[in-house]
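Participant: One structure is given below, represented as structure tokens, and several questions about it will come after.
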Amino acid sequence: MAPTTISSVTSTRRRVSAPSCRHQRSSAPLSSVTALIHPRQETFTVHAVIVSFTPQQGCADRLEALLLRQASDSLEKERHCQRFDVVRLRNENTFVLYELYRDQDAFRWHLDTDHFHAFDQKSAPLVAEKKVLQGDLRQA
């Protein structure tokens, strides 16, 4: 099985620097580490969205460019879009998006943005099949 290509688009305002872990134990309490990973102290149910796209024959590269632009726009323009990854499967003619939003309301707002409407209009003729899965993120 060939490896899968993952394009992760990250907004510069969301990057968090983690301390170096060169075989040293941190004396910081766990709450400090949690604050580093989750800088906002608000509690929300993180809304996960997974979308698969099968492009029309010969349209994969154009669709990929649109998907990467949509990911970048969403991270830059939407305060509550926390993650937006674009995965191009090598063994199939398929793209998978993995998106995380602060909550379901943030995702609804995403669907009403100008950049989403523009993406939806431009990508529609390039897509043969689209499937959307949604749920609340669960963590162990």
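Participant: Can you run phi through the Karplus equation (6.51, -1.76, 1.60; θ = phi - 60°) for segment 92-103 and list ³J(HN,Hα) in whole Hz, with x for Gly and Pro?
Facilitator: 9, 8, 9, 10, 10, 9, 10, 10, 10, 10, 3, 6
Participant: Rank LEU89, GLN104, ILE50 by how far each Cα sits towards the positive end of the charge dipole of segment 41-136 (+1 on Lys, Arg Cβ; -1 on Asp, Glu Cβ) and give me just the farthest.
Facilitator: LEU89
Participant: Need one number: convex hull volume per residue for segment 90-140, Cα atoms only, in Å³.
Facilitator: So the per-residue hull volume is 110 Å³.
Quick note: the coordinates plus some simple rules give every number you see, no bench work behind them. This is a predicted model, so every value here is computed, not measured. All Cβ positions, glycine included, derive from the backbone under ideal geometry; neighbour counts span all protein chains shown.
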